[in-house]
4 protein chains.
Amino acid sequence: MIIIMERDATAVNVQAVTELLKEHGFQVIVHEGDVHTVIDALGDKTTLSPGRIEALDGVKQIKFIREPFRLASRDRKSEDTVIEFENGVKIGGANRPVAMVGPCSVEEDYEGLLQVALAAKELGCQFLRGGAFKPRTSPYDFDGLGEKGLQLLARAKEDTGLLVVTELMDSTDLDLVYKYADVIQIGARNMQNFKLLKAVGHCDKPVILKRGPASTIREFLLAAEHIMYNGNEKVILCERGIKGFDSSFTRNVLDISAIPVIKKYSHLPVIVDPSHGTGQRYLIEPMAKAGLVAGADGVMVEVHHNPAKALSDGKQSLSISQFKEVFTKLNALIDTLHLEKSSTISFVE
Amino acid sequence: MIIIMERDATAVNVQAVTELLKEHGFQVIVHEGDVHTVIDALGDKTTLSPGRIEALDGVKQIKFIREPFRLASRDRKSEDTVIEFENGVKIGGANRPVAMVGPCSVEEDYEGLLQVALAAKELGCQFLRGGAFKPRTSPYDFDGLGEKGLQLLARAKEDTGLLVVTELMDSTDLDLVYKYADVIQIGARNMQNFKLLKAVGHCDKPVILKRGPASTIREFLLAAEHIMYNGNEKVILCERGIKGFDSSFTRNVLDISAIPVIKKYSHLPVIVDPSHGTGQRYLIEPMAKAGLVAGADGVMVEVHHNPAKALSDGKQSLSISQFKEVFTKLNALIDTLHLEKSSTISFVE
Amino acid sequence: MIIIMERDATAVNVQAVTELLKEHGFQVIVHEGDVHTVIDALGDKTTLSPGRIEALDGVKQIKFIREPFRLASRDRKSEDTVIEFENGVKIGGANRPVAMVGPCSVEEDYEGLLQVALAAKELGCQFLRGGAFKPRTSPYDFDGLGEKGLQLLARAKEDTGLLVVTELMDSTDLDLVYKYADVIQIGARNMQNFKLLKAVGHCDKPVILKRGPASTIREFLLAAEHIMYNGNEKVILCERGIKGFDSSFTRNVLDISAIPVIKKYSHLPVIVDPSHGTGQRYLIEPMAKAGLVAGADGVMVEVHHNPAKALSDGKQSLSISQFKEVFTKLNALIDTLHLEKSSTISFVE
Amino acid sequence: MIIIMERDATAVNVQAVTELLKEHGFQVIVHEGDVHTVIDALGDKTTLSPGRIEALDGVKQIKFIREPFRLASRDRKSEDTVIEFENGVKIGGANRPVAMVGPCSVEEDYEGLLQVALAAKELGCQFLRGGAFKPRTSPYDFDGLGEKGLQLLARAKEDTGLLVVTELMDSTDLDLVYKYADVIQIGARNMQNFKLLKAVGHCDKPVILKRGPASTIREFLLAAEHIMYNGNEKVILCERGIKGFDSSFTRNVLDISAIPVIKKYSHLPVIVDPSHGTGQRYLIEPMAKAGLVAGADGVMVEVHHNPAKALSDGKQSLSISQFKEVFTKLNALIDTLHLEKSSTISFVE
């Protein structure tokens, strides 16, 4: 950590900083520049919040050398984290990228859900996704079937063998969701709901953490850090689009480069969600492909047996026939990428 | 609502749209343009989610005539909402702008908190703010004293008569926070935590809803709508900065124009938080002033008895002497603005 | 065009709008809603600036049915524009994606430039790119060799047969740049330098128009429209990253989805520039791939014979050996994509 | 400057960096941390572009201690720059904030322009603004009268004594604009048109530089640096809104906090333009006030004798009667602020 003092900082100001640092076990070196005094501090930032230093008089800015996330960092663990399920499915590392598909919300019609699940099974997908608890921007929109939705997912799992991914919105529902889910999803709008992160940090099921629409990559990895810090290292990161200044053609800006950036700085697996990332059916195929060639460990796509009647997100859902067409192409791409993946380092640096 | 069909939409596509609309009681008029067919639908959008229409084949885009928020809208209630407390303090409408001050987090040292509260009282502030539950980006940072913090706030209330504002982070803590708070704050990162919005919507205390850093004004008002829809109309909106592309000098971009925009479209009171909005002590004074002249019904400012030792947000907190200097100036401005406020419409349109 | 009137608009206001529209040959239909009066206007917006209507009293908002760009739109021309060069190279449509490589700035050392050009030739690239006039954020940075740089590019063209792409920064240099360039590049920071757009609109060489970092897709296509409107239809659009709120790991957010969006709404060819789009060498390979699978008609990549000594953009340049490694992989991907491209519609809609 | 090396940087990498630094006269100190080697470099960055260092193998990141702008910085010149005109009008420092008003574009109707100018004169404004060359997003919009527009401005100057502010779009028009303008305006879309900046840098008239919609404050000050570096120190900065993610209610986000930030880091005067900053007539008054209380040295506002017939920007223009009402209020505020300004430091830090 490097502390830059204001132009007009006094010797007393500098001393206050060095003392605080030394109290917390930092090794300190002071350079007096022609304009600014600069203080180098070597030590472990997790024991002293940088905010404490910033608050001292005369401190202009702190520059960090190490990233603030530790458990999620490749500096701690250089090999890729691989998450393995009971049925042998694996996410991360040199494994074949996985596919998670299903409707935005689980609806009453079980036959429809089953059709989607069977198609997913047929195309080699490993996970069925579907929401029983739905966050909705407007209170006038359908917000999920609750436990009944979870039961329908469980039934589809029994009928197809697919693993179940579903969202947890509130820590009070954890036991319920835990009972039915193979992977617990934390939605984008809850990425910094720290009570919720803590709650899933205390459980032993894999967690998909979706990137908040205004979250920097650093904030995203710090949110993962919250889960890991509380004991659960099975975190799958999901890029699903960030807020941009142009929402005329897409709902969000799907930040494809976040995938190789995260893979460089973290050992955690990363998947991509082109449905929410774009909000447009016709962009699912190109953006799923883009995510995969950029190194994603999986894709999450919304599929509905009848998008025209879907109670949520119909516009960005594929119908079953569209799903088959798109995933036949994606599977071909995934096969090729999987072959290449035998070598660990994918990209020229 | 106006539905624009794709260039290549078929007659069958158009019919599917008109039928769905009619089923939900809309009056429908179809215009065949030279490029696009356009469908006008008159009726109540709250009974039919626009997503249902968007999902139909051949639909290019929906344009809305009315805003999606209803309870929060001036179209429903043209006079300003005024929230009144037992001790006679009022927020909103033609009332004098209020001030909410105090430390970011409540800390063990009660004397420090009391000093801040007494200074606040002396300068005519009406509210003491302080966090007992703190959302923290990093798991390595101090996250609040919990109930003990709430008790310290209650003690300061007893000693000064100030009303207490404190944050609720999780619905499981509602009863606890309800017991001590005069105003319950929902933090920016929880603006779309819909379970939490629902929970405070069911209670009868005023709620401060902070704008999420990536939330549009429409999303912000829809979040307020969630609270109101569940029964609580006492919502105070708080502008506290949005994510921008330049974080070199300020943490966020404090969107001052959101204040007059919201006042035009909604009847709810709006306050401004220049501490979080900028993250810089030297910007509190100019930005508090900017918010007030732009029409804010109050300001929320972080004050700490010893910012250099604050466990959180010291950099953006005023010391007590700085607070006195700044608020002496702000009070003068508030007095002038209050005089002007006798006339309801403030700005030339 | 649909004009939505304010709640409190008067009959006189509505009449003023309808009269202005009729004067300009629009067909007008007025709907009186319960809250807002809505006016449908059918006609050609190019003869009446929407700003004229917005300025009338009582007008709340205008919603557009048709896109404001016409010449660049697929509504006018449904088949892809293909740009062909004298040596038979083609960009756009079902043609093999092209590659444009070379140093950020042309430097004094011709041997270095030639090495890059020979490697490019060897790997099947069609274009040599290099700047003779360089826009620089700081006045203290190297800003190009001017005509001498253009002469070195011409020499490399003679020695390799590669086509030359170079940037024009000011209309006063047009004749000079025209003399040496096969493709004239308009940089991102000049995307809305309308005098410059007009100037290249009057000439007959293909133009690469880079997307401005804060430009919406609509503004981007309107900038292309300026060139086309002045007579030059040979416009190649280039996605090169937009401003985002996180610049810790990448310089810009490379907006991959802009590629399929533009291909849907416009017939113009689109290329992708992962060097400027990310500012990081290790992101060139994954992001070039992402752009290609998303439908780009070509890639533009910075290559320098000795990035460690480059006078500009060394950090995001590939060395010659890295270039060979990356482009061997990209060529394999391009070959596969080219085979698929025989069918015109690439993505499931 | 502090150079942080990658985790896996070699001794050879470190040596290459230290050698390059020493070659350019930097004093170098190397710290070997447990994860990263860090190199402190003391010296003058204007002689060695940081890009040169970043391009070396093993360099992770450079952290800057000093800002990259020098001439525009308060580090070089601590007192405020004051620009004085022949008629005694002054901008900057402790002087009364100025007002620049007039139509977006100058139109054929001289009487209309004169009415605006006379009203401006009457209300104590010092400058008449009006565009003769207009940048327009769409080629189908009115783009100004050219020299004729300049002549009309000159005539209004003669008739009222107001100083003339008008935009220069292309360096080829410099002589023409120079002849008629008292202040040359560089528009937001040309903020990084470096040839244009150089051109006005060579002349001796004051320049208003508008902030580009995607420009950071650092880029903005570096653009000013281009003008100053070429010899012209009379630069007035203008905040006029940045691109945000919400354009439903305002065209841009007017970044009020940029004003006190710039005043802290630079000695140049800063004005605020609420017309372009919001695009809404009803926001001009609150946002002009916000800018002024936050420290702006002046306001620029669009006024048209008949906004309903304005050829551009009518929606955001005040009519003459609205102008009088708004500026009567603004003048009262300016009077108060001017009294306070006698003390140089306005805000508590």
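No value in this document is a laboratory result; all are computed from the given coordinates. For clarity, every value in this text was computed on a predicted model and none was experimentally measured. Virtual Cβ from ideal backbone geometry, glycine too; neighbours counted across all protein chains shown.
Remarks
- Rounded to 10°, Cα long-axis angle of helix B:284-293 versus longest principal axis of chain B: 50 degrees
- Going by neighbour counts of Cβ atoms within 10 Å, the residues A:Lys210, B:Lys195, B:Lys148, A:Lys324 line up, fewest first, as B:Lys148, A:Lys324, B:Lys195, A:Lys210.
- Each Lys or Arg adds one and each Asp or Glu takes one away; over the other residues whose Cβ falls under 11 Å from the Cβ of C:Met191, this sums to +4.
- Just so you know, the averaged projected area of the alpha carbon convex hull for the protein assembly as shown sits at 45.6 nm².
- Chain C: angle of helix C:217-229 to the longest principal axis, Cα-based, in degrees nearest 10: 80 degrees
- Working note: 222 nm ellipticity from helices only, DSSP H runs with n ≥ 4, each -39,500 (n - 2.57), summed and divided by the residues of the protein assembly as shown, gives -10000 deg cm²/dmol to the nearest 500.
- Peptide ranges A:80-88, C:175-183, B:237-245 listed from the most packed, as the mean C-beta count within 10 angstrom indicates: B:237-245, C:175-183, A:80-88
- Of all chain C residues, the one whose Cβ lies closest to the rotation axis that maps C onto D, given with that distance rounded to whole Å, is C:Ala214, 1.
- Only Cα pairs under 8 Å and 6+ residues apart enter the sum, and on that basis the relative contact order of chain D stands at 16 percent.
- Separation of alpha-carbon centers, the range D:1-37 and the range C:172-187, rounded to whole Å: 40 Å
- Prolate/oblate/rounded call for the range D:2-63, Cα gyration tensor, a/c under 1.5 rounded: prolate
- Remark: mean inter-chain Cβ contacts per residue of A:187-198 equal 6, using a 10 Å Cβ-Cβ cutoff to other protein chain atoms.
- A straight Cα-to-Cα reach below 12 Å connects A:Lys148 with the aspartates and glutamates A:Glu107, A:Glu108, A:Asp109, residues fewer than 8 places away in its own chain not being considered.
- Around the amide H of A:Thr37, modelled in the peptide plane, lie the amide H atoms of A:Met5, all under 5 Å away and 5 or more residues distant in sequence or on another chain.
- Amide H within-cut-off set for C:Ser266, under 5 Å, with H built and near neighbours excluded: C:Arg74
- Summary for C:Phe85: label point 7 Å along Cα→Cβ; distances to the equivalent points in the other copies, ascending, 4.9, 5.2, 7.2 nm.
- Sequentially through the range D:65-81, phi angles give Karplus couplings (6.51, -1.76, 1.60; θ = phi - 60°) of 8, 9, 5, x, 8, 10, 5, 7, 8, 5, 4, 7, 9, 7, 7, 4, 6 Hz, Gly and Pro residues having no value and appearing as x.
- Whole-angstrom gap from the range B:239-311 to the range A:46-85, using each part's C-alpha centre: 28 Å
- Between copies, the label points of D:His24, set 7 Å from Cα on the Cα→Cβ line, lie 3.3, 5.3, 6.1 nm apart, reported in increasing order to one decimal in nanometres.
- GNM on chain B, alpha-carbon springs under 10 angstrom: the most fluctuating residue among B:Ser247, B:Ser266, B:Ser138 is B:Ser138.
- Antiparallel bridge percentage (DSSP; both residues within the protein assembly as shown; nearest 5): 40 percent
- HN-Hα J in Hz across the range D:135-152 - Karplus 6.51, -1.76, 1.60, θ = phi - 60°, x for Gly and Pro: x, 10, 4, 10, x, 8, 9, 4, 10, x, 8, x, 4, 4, x, 5, 5, 5
- Across the range C:243-248, computed HN-Hα scalar couplings (Karplus, 6.51 cos²θ - 1.76 cosθ + 1.60, θ = phi - 60°) run 5, x, 8, 10, 10, 6 Hz from first to last residue, x flagging Gly and Pro.
- Over the range A:1-146: Rg over Rh, Cα atoms, Kirkwood Rh: 1.29
- Label geometry 7 Å along the beta-carbon vector: D:Asn230 inter-copy distances in nm: 2.0, 5.7, 5.9
- Test item: A:60-67 mean partner chain Cβ contacts at 10 Å: 5
- Close amide H partners of D:Ala99, meaning residues 5 or more places away or on another chain with modelled amide H under 5 Å apart, are D:Gln126, D:Phe127, D:Val299.
- Given A:Lys60/A:Lys198; C:Lys63/C:Lys263; B:Lys264/B:Lys324; A:Lys329/C:Lys329, the pairs whose alpha carbons are separated by over 25 Å: A:Lys60/A:Lys198; B:Lys264/B:Lys324
- When DSSP beta bridges are restricted to pairs lying wholly in chain D, around 40% turn out antiparallel.
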